[in-house]
Amino acid sequence: MILRFEEWLIGQQYREDLIGDFARILDTQDISHKFSRRQLDEHKSWADIVIRIGEPGHVVTFNEAWQEFLLAKQAAADTLD
């Protein structure tokens, strides 16, 4: 199973930092988390959501969260090998 950003982000809601705040804010937003199976670019889909929210500080936090997510995704893939 491939780790998805939404799953990873939900697991970050406990954090007492900007990424935790970001995860909690996105959880309260009325956004469509469900992407088409044909949607190939998960990053772009989430970037579009963050941009629609319209808070400039969230872009920086999203970028930091995305980098942490990529590391977690790679670690999860490594454990499957």
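The values are calculated or read from the model by the stated rules, or taken from the named source; none is laboratory data. Quick caveat: nothing in here was measured; it's all calculated off a predicted structure. Glycine gets a Cβ as well: all are built from the backbone with ideal geometry, and neighbour counts include every protein chain shown. The accessibility values were calculated without ligands, DNA or RNA, using every heavy atom of the protein model including side chains. Shrake-Rupley method; radii C 1.70, N 1.55, O 1.52, S 1.80 Å.
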Inset, instruction - State whether the residues of segment 56-70 include one that is among the charged types (D, E, K, R) and modelled with pLDDT of 95 or more. - result: yes
Inset, instruction - Kindly list, by first and then second residue, each pair from a residue in segment 55-74 that is touching a residue at least 60 places away in the same chain (Cβ under 8 Å) to a residue that is open to solvent by 90 Å² or more (accessible area, probe 1.4 Å), limited to pairs with Cβ atoms under 8 Å and residues at least 6 apart or on different chains. - result: LYS73/ILE2
Inset, instruction - Report, by residue number, each residue of segment 32-47 that is open to solvent by less than 100 Å² (accessible area, probe 1.4 Å) and at pLDDT below 55. - result: SER32, HIS33, PHE35, SER36
